[in-house]
Amino acid sequence: MRPAIIELTLVRLREFVREPEAMFWVFGFPLLLALGLGIAFRNRAPESIRIGVLQPAPAALAASLDSSAGLAVERLADDSAGARALRNADVALVVAAANGEVEYRFDPSRPDARAARQLADDAIQRGAGRRDPLAIRETTISERGSRYIDFFIPGLLGLNLMGSGIWSIGFAVVTARKQKLLKRLVATPMSRTQYLMSFLLSRLFFLVLEVGALLGFGVLVFDVPLRGSLWTLAAVCLVAALTFSALGLLVSSRARTVEAVSGLANLVMLPMWIFSGVFFSAANFPQAVQPFVQALPLTATVDALRAVMLRGAPLASVTGELALLLAWLVVPFVVALRVFRWR
Amino acid sequence: MTASAPDGSSALLVRGLRKRYDDVVAVDGLDLDVRPGECFGLLGPNGAGKTTTIEICEGLTEPDAGEVIVLGRTWAESGRDLRERLGIQLQETQLAEKLTVLETLRLFRSFYARGRAVDDVIALVRLEEKRRARVSALSGGQKQRLALGCALVGDPDLVFLDEPTTGLDPQARRQVWDLVEQLKATGRTIVLTTHYMEEAERLCDRVAIVDHGRVMALDTPRRLVAGLGADQIVFFSVAEDAVPRITADALAAIAGAAGATQPARATDGGWELPVTATHEAIPALLAELERRALPLAELRTHLPTLEDVFVSLTGRALRDA
């Protein structure tokens, strides 16, 4: 006979692995998301910008543009064709040359249009004989750790820790409450603390799989750097997973229906989806909301993960984030234990 | 095993129990005294307060007033110890669908310091063939037997069963009854609620008839039925066009002629009369109907049951109460 805490944790594991949908949302979905965003934002040779040249145009001018590396040049028949191409964003810039004068038509609010104007102007002026007064040398870099995918994988990891902690526990608790299974369990000598602890313990098991899958994927497929120690990373993931599990218990501590717990879970998670810097840096938010942003557990998680993975930060330098997470772990767990509705 | 109060007389003692929910009084001054080793039934219609009463006894609901002594102890003083000694089956529990029979019983077994071997319990509730089947694959009767298994896995001294056969088909119901009878044979005290009078009559040593949160009568099923003072219940109905002529006065006269022990009661499109000497009552009844030119449509008799006891106590039938 195994101890109750083990049996309870085994129940959690069995219920999870016997639910194929849950497996997909926890493992499949984040990997697909990472793959999609990784491909969309992969670093590559800059594409040529498409521009148009109104006909007729001086042959020398057209030749200069054609020979410019960054531009793809299209011949446009007349003014109306030019206007249409601009409006449809088929081209970023239309060049019209007449009577020894060159006219650039473009929308300056589009960054690619401004770049196209510079490139086209350079090519035309040089073709016409301009010589640059200073010699120029270019050095290009592509640093691992500075790409979007490097920024995004730790964010996605944090998001996954939050989502699976809150959803898996929220649904499991509310379903058990709705089926009066909770009431049946408290009619036995089962320890209530052990019941709640079993949720945290089962999260630890899945944590290894979830983090392993996402991290392995990022490292193998996108060559995302892992500069800090694995132990430090494990510590951050562990504390974060327990924190979000405690939040999951709190969210589900009173709810009687799946709808109610879904609403509450979304209410808790939505601000973190937006403010915690998963998809873009949280520093973009105004100074006035920074105290709020920095107090969110997902912000602390994502910051700590990025520090460890991308900058190789040691444990000592993420203690601030860990302390914040521990507060978010202890307070919700204690409150959940007190207000938990067993029937 | 000391499955009794210090004075050795009660497995469960309830005095002056009261509980109200908002503006509904669920339990209204209820007393019970369950002896060790007996199977005690709370019989009553839905909403009579049976479940509230049993859940207070199980320590799951706090009463507003009254005293509950379970196995000689109170919930406030020894709740944890009591949990070890009680077996409980709740009315609406759905066990985890994705676990197997074996896993479910192992889980419940792990909560108890001492108890029965899981395989013994599986054999007891006759689920050997379903050991490795998921709960979701079980029939209603099998689920209910598993719920009973969960109640028995801690080898309890006192077992509470709340509506153990509600919603089951007749065959599944009989299987549950067999199980309860086996349990009785081992000398465990059983408290069960039901709104099926056959169930109470077959299983219970003593029955408390409960309505509106009160005990209306408490005795053995045999003595409760005997208390009606009737050997048979006679049911009669008349042709449809004659029904308006059966006034209260006419009914009293008919009942008087038949020598009914209690006033006639309307049911199922006719009337029921509890009578003693059936061989005299029926000719007298027919003669009175004839005299009043009321054409008889149907005539039946049955032995009195707890249903009739309930009717005589409350004026309502169990099934439509």
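Bear in mind these aren't lab numbers, they're just calculated from the coordinates by the rules spelled out. If you're wondering where the values come from, they're calculated on a predicted model, not measured in any experiment. Neighbour counts run over all protein chains shown; Cβ positions are idealised from the backbone, glycine included.
Placing +1 on each Lys and Arg Cβ and -1 on each Asp and Glu Cβ, with no other charges, gives the protein assembly as shown a dipole about its Cα centre of roughly 2120 debye. Close amide H pairs (under 5 Å, H built 1.01 Å from N) link B:LEU12 with B:VAL34, B:LEU71, residues at least 5 positions away or on another chain. Exposure proxy ranking for A:ARG343, B:ARG109, B:ARG173, based on other Cβ atoms within 10 angstrom of each Cβ and starting from the fewest, stands as A:ARG343, B:ARG173, B:ARG109. Annotation: amide H-H contacts under 5 Å for B:MET216 (H modelled 1.01 Å from N, sequence separation of 5 or more, or interchain): B:ILE209, B:VAL210, B:ASP211. The aspartates and glutamates whose alpha-carbon is closer than 16 Å to the alpha-carbon of A:LYS180, local same-chain residues fewer than 8 away aside, are B:GLU55, B:GLU58, B:GLU92, B:GLU97, B:ASP162, B:GLU163. For the range A:20-26, the Karplus equation 6.51 cos²θ - 1.76 cosθ + 1.60, evaluated at θ = phi - 60°, returns couplings of x, 4, 4, 4, 5, 5, 7 Hz by residue, with Gly and Pro reported as x. What shape does the range A:172-306 take by its C-alpha gyration tensor, where a ≥ b ≥ c are the square roots of the eigenvalues and a/c under 1.5 counts as rounded, a/b above b/c as prolate, and the rest as oblate? Note, shape of the range A:172-306 comes out oblate. Across peptide B:108-114, the mean count of Cβ atoms from other chains lying within 10 Å of each residue's own Cβ comes to 6. Once the Cα atoms are used to define both axes, helix A:29-40 deviates from the longest principal axis of chain A by about 10 degrees. Lysine pair count for the range B:12-221 (Cα-Cα distance under 23 Å; residues 8 or more apart in sequence or on different chains): 7. Peptide A:188-196 shows a mean partner chain C-beta count of 4 within 10 Å per residue C-beta. Taking every alpha-carbon pair in the range B:12-221 and binning the separations at 10 Å intervals from zero gives 9, 36, 36, 17, 2 percent.
Helix A:258-275 versus the longest principal axis of chain A: what is the Cα-based angle in degrees, 0 to 90, to the nearest 10? The helix A:258-275 is inclined about 40 degrees to chain A. Calculated over the protein assembly as shown, the projected area of the Cα convex hull averaged across directions stands at 48.0 nm². Every helix of 4 or more DSSP H residues in chain A counts as -39500 (n - 2.57), and over all residues that averages to -20500 deg cm²/dmol at 222 nm. Oblate is the label for the range B:101-196, because the ratio a/c of its alpha-carbon gyration tensor axes (a ≥ b ≥ c) is 1.5 or higher and a/b is not greater than b/c.
For chain A, the longest principal axis of the C-alpha atoms and the axis of helix A:148-178 are separated by about 30°. In chain A, a dipole from Cβ-located charges (positive for Lys and Arg, negative for Asp and Glu) runs towards its positive end, and of A:SER80, A:PHE27, A:SER198 it is A:SER198 whose Cα lies farthest in that direction.
Of all DSSP beta bridges confined to the protein assembly as shown, the antiparallel ones make up roughly 60%.
Across q = 0.23 Å⁻¹, the range A:49-127 modelled as identical point scatterers on its alpha-carbon atoms has Debye log10 I(q)/I(0) values of -1.04, in the order of the q list.
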